[in-house]
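A.B. asks: Take this structure, written in structure tokens, and hold onto it; I'll ask about it next.
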Amino acid sequence: MTELLQNLIDGLGRGSIYALLALGIAVIFGVMHLLNFAHGELITISGYAAYAMFQADFSWYVVAPAIVLVSIAASLVIEWVAFSRVRGASDFTLLLTSFGIHFLVSSVFILYVSASKKQFPRPGWVTNTFAVGDLSIEVFDAVVIGVTLVTLLATVALLQRTMFGLALRGAAEDFDTARLMGVKSNSVIRGAFALSGFLAGIAGIFWLMRAGNTAPSAGISPMLSGVIAALIGGMGSMRGAVLGGFVLGLAEVMLRSRLPDGIAPLTDGVVFLMIALLFIFRPQGLITVARAERV
Amino acid sequence: MKLRKMLSLIFAMMLLAAACGDDGESSDTTADAGSDTTADAGSDTTAAAVDAPPSAESLDIDTVLAADLDNCAEAPSGDPIKVGMAMDFSEVVGFVDIPGSKLVPYVAELINCAGGVNGAPVEVQVADVGGDAAQAAIAAQELLDWGAHFLIGPPFADFALPILQTTGGQVPLFVAASTEPTLADAAANSYLVSFDDTLMSTAAANWALDQGITRAIVFTEGEGIPYSGYNPDVFAQAFTDGGGEVVSTQTYVWGVDTDFSSQVNEIAGIADGTEVVFSAALAEQVTALRGQLEGQGLNDLTYIGTDALDATGLAFVENNEGIAHTPHVSISPGDRNDTLLANYEAAKGEALESRGFMALYVDSMFLGIQAIVDCGCVDPAEIGEAVQNISGFQGLSGEITYAGTGGIPPKSVPINRIVDGEDVLVDTK
């Protein structure tokens, strides 16, 4: 029982980061019908910004908020420079554009910075633990879960209690009708990218704290986790994205801990097999979204 | 509107720059032949007896390294020795191949500055394999078309094997930074320059046993997987054969995982704090794992890893004190490797990002040239035969012998450890 609870906490900690990433992807998918494979590049760019700041002797207290700001700024720049040029194009064009951004960002860092990983210090408390009964809980997991809950509550408040949130939800439901009702598409889309960047920034702080380094392809792993979590939850569903993040995190930790030694190296393969089975029996993901055609 | 157009233009230029940097086109980094003044480049070009003492006609490395680019010998004027470098500039192994492809042309400059090799200049051409197997074959073909006498290739079978298929075993290939035993095959003209994984992980196991450690925790990516799984396999076997016991085998994703929560929870229930932790993981992974284990109160574990720790900058990451590893070269201040790297930095205005692996790249070129000196030939197939007869070559990375081997030089393995923040040699196996 203790081991199960321990796995549950570890899984929730990991799943919290996935949930934030998936929510950012779901927000963009909701308004643009774009599965944004460039989402992870926000963490790559933020990681290099963090590295530069550590080189200038800034501490995590300064670097952490800077990561969020850089992520928001990068998200808006990517939208402005790339996605706004192909707005209204087919889903496939949007998808290719997001791949293009991903490869462009990686290549720029390889060409003009380095192919090597750039190291920076992890905060000292990342690996500290505290005991609750027989459980040994990492401070990091507790902080991640707490911050994620606050962020999700703030996001819910933003979506439920502001005009922007109303417009965003309306656009996600039916963009054409929302525009006819006076919703400005530019504002909604840029707002969505800013929100997506904010969520990626929060996730990026924890991802980078744990990793202690960045690299040109640092964004691939978080991007894949976020996309898979969003798919598990049901593309376009923000609640589903959060749920998918927690499910993915728990599945990874539980399987790695409980699979027999002989097949433990296949943990990721088993996770993907389970996802494949989910899509066979429930192709729309965990939560079904009534979807209208987006612009 | 103008701003939008300008940003679009910048975006297009960035796309173009990125595309140009990744298109696999080879770049000619031919080393300049030295100029004026006089100096003897070294020995004559007669073929050496197979088992002749290498000192009789060996490349004079010290003379080369002492060359002053501001005061060169008479420029060599013979037919050039062509060194082809098929290097991976992608993130996969760019962290060693990029600095390696900078240092080798610099050393070729030094050779030419010292008068060349028996009056022949050395030319180096670099082609990018771009992290892609198909591109690796194209890069190799470009270098063969250029007339390379031998090739220096990237580590990892993904890229080295397509190069071997392209050469068809007709041109010697030195897989500079690889420890993968399957890439060495003298019959296919493919050679490791370093010790292999078997020797490396056996040395790590024996060192741990020498410390009086009898319990081991092994992290693997899966049995039999090249490098990330094979090294733990070898370590576990050697450790057990030496009387030790592997008390826990954990899995992880090499190069990716930095959260080891589930593994650490399991280890916490097994370990008594006296164990050695072995993996072929990267520096940031080992230090992350160590942090999480220490968070569980396991503060006295011993850590040893492979050459991946040196490749990924163990000496420069936090929480590295006491971690042992098996670098290819243990560099001390003022030694030949340190001097070469310092001279490169002074000449080129930039420090190379990798240090310990660089000797392997330079030795690859030296070995190819030595074979040409030995056989007095320029036919790649004959050069390959001469490579197979090299014995006792004193390179920057240690003594290298191919004679009587399958292409894996039986080298000693340095054991380094971070002591008081310094990466120091503590043993040699």
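A.B. asks: Around B:Glu275, with a cut-off of 15 angstrom between Cβ atoms, what is the net charge of the other residues, counting Lys and Arg +1 and Asp and Glu -1?
C.D. replies: Numbers: positive: B:Arg215, B:Arg290; negative: B:Glu245, B:Glu266, B:Asp272, B:Glu294, B:Asp300.
Local charge sum for B:Glu275: -3.
A.B. asks: So if I place +1 on the C-beta of Lys and Arg and -1 on the C-beta of Asp and Glu, and nothing else carries charge, what would the dipole magnitude of region B:198-327 be about its Cα centre? I want it in debye, nearest 20. Can you show the working numbers first?
C.D. replies: Details: 2 positive and 18 negative charges, 18 e Å.
That gives region B:198-327 a dipole magnitude of about 80 debye.
A.B. asks: Could you go through region A:4-10 in sequence order and give the Karplus-derived ³J(HN,Hα) for each residue, using 6.51 cos²θ - 1.76 cosθ + 1.60 with θ = phi - 60°, rounded to whole Hz, and x for Gly and Pro?
C.D. replies: For region A:4-10, the Karplus curve yields 5, 5, 4, 4, 4, 5, 4 Hz.
A.B. asks: Wrap a convex hull around the Cα atoms of chain A, take a quarter of its surface area, and give that in square nanometres. Please report the intermediate quantities before stating the final value.
C.D. replies: Values: hull surface 65.7 nm².
Hull-based average projected area comes out at 16.4 nm².
A.B. asks: Right, something else. So how many Å³ per residue does the convex hull of the Cα atoms of chain B work out to? Show your work: numbers first, answer last.
C.D. replies: Working: hull volume 70.3 nm³, N = 429.
So the per-residue Cα hull volume is 164 Å³.
A.B. asks: Another question, then. Specify the residue with the greatest mean-square fluctuation among B:Val387, B:Val92, B:Val277, computed from a Gaussian network of chain B linking alpha-carbon atoms under 10 Å apart.
C.D. replies: For chain B, modelled as a Gaussian network with Cα springs under 10 Å, the answer is B:Val92.
A.B. asks: If you rank A:Tyr48, B:Tyr303 by fewest surrounding Cβ atoms within 10 Å, what's the result? Numbers along the way, then the final one.
C.D. replies: Working: A:Tyr48 20, B:Tyr303 25.
The fewest-first ordering by Cβ neighbours comes to A:Tyr48, B:Tyr303.
A.B. asks: Quantify how strongly other chains surround peptide B:84-94 by giving the mean number of their Cβ atoms within 10 Å of each of its Cβ atoms.
C.D. replies: On the way: counts 0, 0, 0, 0, 1, 3, 6, 13, 2, 1, 5.
That works out to 3 on average.
A.B. asks: For B:Thr428, what residues show an amide H to amide H distance below 5 Å, using hydrogens built from the backbone and excluding near sequence neighbours?
C.D. replies: B:Ile415
A.B. asks: Just want the answer: with Cβ charges of +1 for Lys and Arg and -1 for Asp and Glu, which residue in B:Ser190, B:Ala134, B:Val124 is farthest toward the dipole's positive end in chain B?
C.D. replies: Positive-most Cα among the choices belongs to B:Ala134.
A.B. asks: What average number of partner chain Cβ atoms lie no more than 10 Å from the Cβ of the residues making up A:123-134? Let's see the in-between values first.
C.D. replies: Working: counts 0, 3, 1, 4, 13, 3, 7, 1, 0, 0, 0, 0.
Per residue, the number of nearby Cβ atoms from other chains is 3 on average.
A.B. asks: Further question on the same structure: Counting alpha carbon pairs within less than 8 Å and at least 6 residues apart, what relative contact order, in whole percent, applies to region B:198-327?
C.D. replies: On the way: 232 pairs, mean separation 32.9, N = 130.
25 percent.
A.B. asks: To continue, here is another question. If you wrap the protein assembly as shown's Cα atoms in a convex hull and average its projection over all directions, what's the area in nm²?
C.D. replies: Details: hull surface 133.7 nm².
Answer in nm², one decimal: 33.4.
A.B. asks: With +1 on each Lys and Arg Cβ and -1 on each Asp and Glu Cβ, how big is the dipole of chain B about its Cα centre, in debye rounded to the nearest 20? Kindly include the intermediate steps, with their values, before the conclusion.
C.D. replies: Working: 13 positive and 63 negative charges, 138 e Å.
Computed about the Cα centre, the dipole is about 660 debye.
A.B. asks: What is the average number of partner chain Cβ atoms found within 10 Å of a Cβ in A:102-115?
C.D. replies: 5
A.B. asks: Here's another thing I want to ask about it. Which value, in debye to the nearest 20, gives the size of the charge dipole of region A:208-295 about its Cα centre, when Lys and Arg are +1 and Asp and Glu are -1 at the Cβ? Please list the in-between numbers first.
C.D. replies: Details: 7 positive and 4 negative charges, 48 e Å.
Using only the charged Cβ atoms, the result is roughly 240 debye.
A.B. asks: Say we join alpha carbon atoms closer than 10 Å with springs in a Gaussian network model of chain B; which of B:Asp363, B:Asp374, B:Asp79 then has the biggest fluctuation?
C.D. replies: Evaluated over chain B, the most mobile residue of the options is B:Asp79.
A.B. asks: Based on other C-beta atoms within 10 Å, arrange A:Lys117, A:Lys184, B:Lys82, B:Lys429 from fewest to most.
C.D. replies: Working: A:Lys117 24, A:Lys184 13, B:Lys82 21, B:Lys429 17.
The fewest-first ordering by Cβ neighbours comes to A:Lys184, B:Lys429, B:Lys82, A:Lys117.
A.B. asks: Then there's this: Would you compute, from DSSP H runs of 4+ residues alone, the mean residue ellipticity of chain B at 222 nm, taking -39500 (n - 2.57) per run and dividing by the full residue count, rounded to the nearest 500? Walk me through the numbers on the way to the answer.
C.D. replies: Working: 14 runs with 166 residues, N = 429.
Result for chain B, helices only: -12000 deg cm²/dmol.
A.B. asks: Also, quick follow-up: Identify which of A:Leu231, A:Leu23, A:Leu94 has the largest mean-square fluctuation in a Gaussian network model of chain A, with springs joining Cα atoms closer than 10 Å.
C.D. replies: Sorting by GNM fluctuation, first place goes to A:Leu94.
Only the coordinates and a few stated rules stand behind these numbers; no lab work does. Owing to the predicted nature of the structure, the values given are computational and were not obtained by experimental measurement. All Cβ positions, even for glycine, are placed from backbone atoms using ideal geometry, and neighbour counts span all protein chains on display.
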